[in-house]
Structures are given as C-alpha cells and as structure tokens.
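Notes for the one structure printed next.
The values are calculated or read from the model by the stated rules, or taken from the named source; none is laboratory data. Values in this document were obtained by computation on a predicted structure and should not be read as measured data. All Cβ positions, glycine included, derive from the backbone under ideal geometry; neighbour counts span all protein chains shown. Heavy atoms of the whole protein, side chains included, go into the accessibility calculation; ligands, DNA and RNA do not. Shrake-Rupley method; radii C 1.70, N 1.55, O 1.52, S 1.80 Å.
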Amino acid sequence: MPHSPRSRLGLAYLLVTAVGWGLNWPLIKVILRELPPLFARGSSGLAAAVLLALIAVGRGESLKVPPGDWRRLGIASALNVFGWMGFATLSMMSLTVAESALIVYTVPIWATLLAWPLLGTLPSMRGFVALAMAMAGIVVLFSDKGISLGAGKVGGISWALAAAISFALGAVTAKRPIRLPPIALTAWQVGLACVPMTLLGLLIEQPDLTGASLSTWLAVGYMALVPMGLCYLSWFATLRALPPGAAATGTLLVPIIGIISAALLIGEPLGAREIIALILTLAGVALAVIRS
C-alpha cells in the first residue's frame, strides 16, 4: 500500500471517482422509470460535454482537434461512449443493477480476448482462468431463473455484453493516442457520442418531458455533473498520482458500490447469490486487470 502524500491523495481521488460512478447505477434505474434510456443518457451527456469543455478552456487546454485525429476521435467516441454508455443504459431496462454492472465490468477480459485476433496477443492461462471465473459469477447471478430467461432478460444481457465488448474494442484498437489534453479529449468524445444518442432518443423514443418528476430531473442533473463531470476530473487526477494498474484495479469498487447502493436506495435484491456472483466475477476481472 503506498504511503507517500501523493499516493494518499491519489487514493482519495480514486475513492471520489468510484463512489460517484457507483452511485450513478441505481440513479439510472430511477431515471428510467420516467424517461427513455437514449434521451436521458444523451441529454445528460451533452450537458456534461459542455461543462467539461468549459473546464478544459479554463485550465488552458486547447479544444482544437489535429486534422489527422478526427477519424480516430470519431471511432473512440462511438466505441468508448456511445457503445459503452448507450448500450449499458439500454441493458438496465430489463436487468437489475447487479446483473448489468457485473456484465458490463467484464471489459478487461474481453479486451484480453479481442487482442488475440486483432493484435496477435495470445491470452495466457491466467486470462482463460479470469474468463472462467467471470462467466461462473454471471451464471450464478442468473441461476435462480434456470434456463427460462425471458426475452427481456436475454435482450438486457445482450446489451450489457455489447457495452463491455464495445469499450474493450475501443481499448484494443487505440494504437496511437489522440493528440488532445485529457479533459478536452473527454469533452469531445462525450459530445460527439451524445449528439446522435440524443437525436435518436427524440426520434425513436419521443420522450414526454412533462411527465418526469423533480426527483428524476435531480437524478439527471447528478448524472451530468458528478459521474460525467466531477468523476472524470478526479479520475485524471488519480492517474497522475497512482500507477495505472492500481488505478484500474481500484475501479472494481464501482460495481460493488453500485450494487450495494442499489439495494439500499431502490430495494434491489442483495443476497448470497448476488454476493457470490460479485466475488467470482470481480475476482476474474481483477486477474485480467492485474495482468494488463
């Protein structure tokens, strides 16, 4: 455990990030009771992108995208934000927080597997063990339903897997960094992804904005300001203070906080089955993260 003042500050930043991101999971469920997924996620993302752009300019970061980086910026935005956030939110229409979060946070395992055909990096035995543990956890999580998963659950599982694989693909295919400062880069990625997400929401979902309660709008405001605003800033501060491996491993707190807070705030189940699934899945993910 690191003991330097810089490391302790990094751990504090990491805790802020994990708590902010973790609490967002049950709040998304609250939002989805009254607002459709794509519009809710996209509109809050647009607000966050504007906020992050203002912060970047205030810190002296340039928002100008180098001409040769537009294509990679578009791909990163599609995979890391549209696919990750959009698909994960769609999955929560039919899955609990525990079900969605545990599947979505298997990203490091899918990254290890995708690196095999795309980069020629053969997964180690450790990688296969990590996959087996994570899959065992997910099987335990859905074991109470046997083989009678309904269409809604299957659809939710598919969206959650798509979110994880999308983000993993973004990580594996990012061969060269995009030449933008971190906050400016995040503002561009979130903004570019959330414009089409919001438009799709308006066209397909046709949200009834007058029917949403104050608590729903407060949750939307939290999603824009904290997970997509404050937490990105604290995450970049974490990366400056801690080794990448330690920071990445620390993000495993996010699904833990999300699942526990969902039980406390919205009454989702948290029994032996969920706890065993949590331990198995995150142990497998931790193996993949530490290896990476």
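General observations
- Once the chain from Arg126 to Thr210 is taken as fully extended at 0.36 nm per residue, the excess over their C-alpha distance is 25.1 nm.
- Across Thr173, Thr186, Thr238, mean-square fluctuation computed from a Gaussian network of the chain (C-alpha pairs under 10 Å connected) peaks at Thr173.
- Cα-centre dipole for the chain with unit charges at Cβ (Lys and Arg positive, Asp and Glu negative), debye to 20: 900
- ³J(HN,Hα), Karplus 6.51/-1.76/1.60, whole Hz, each residue of segment 107-117, x for Gly, Pro: 3, x, 5, 5, 4, 4, 6, 5, 5, 5, x
- As a calculated quantity, the FRET efficiency between Leu63 and Leu202 at R0 = 25 Å, using C-beta atoms, amounts to about 0.45.
- Full extension of the chain segment joining Leu225 with Leu118 gains 34.9 nm, where the gain is 0.36 nm per residue of separation less the Cα-Cα distance.
- Largest GNM mean-square fluctuation across Trp25, Trp70, Trp84, computed for the chain with C-alpha springs under 10 Å, falls on Trp70.
- Scalar couplings 3J(HN,Hα) for segment 257-263, obtained by applying the Karplus form with A = 6.51, B = -1.76, C = 1.60 to θ = phi - 60°, are 5, x, 5, 5, 5, 5, 5 Hz; x denotes Gly and Pro.
- GNM flexibility winner over the chain from Arg176, Arg71, Arg126 (Cα, springs under 10 Å): Arg176
- The distance between label points at Leu218 and Leu264 comes to 1.7 nm (points 7 Å beyond Cα on the Cα→Cβ vector).
- Calculated FRET efficiency, Ile290 to Arg176, Cβ-Cβ distance, R0 = 25 Å: about 0.50 to the nearest 0.05.
- Computing Kirkwood radius over Cα pairs in Å directly from the structure and comparing it against (i) 32.4; (ii) 19.6; (iii) 20.1 singles out (ii).
- Projected label distance in nm at Leu15 and Ser143, using a 7 Å step from Cα toward the beta-carbon: 3.4
- Solvent-accessible heavy-atom area per residue, rounded to whole Å², over the chain at 1.4 Å: 46
- Take the Cα of Met93, step 7 Å toward its Cβ, do the same at Lys153, and the gap between the two points is 1.9 nm.
- Whole-percent carbon and sulfur share, accessible surface of segment 85-232, 1.4 Å: 74
- Estimated 222 nm signal from helices in the chain, with DSSP H stretches of n ≥ 4 weighted -39500 (n - 2.57), rounded to 500: -23000 deg cm²/dmol
- Here r is the Cβ-Cβ distance between Leu54 and Ser4 and R0 is 35 Å; the resulting FRET efficiency, rounded to 0.05, is 0.60.
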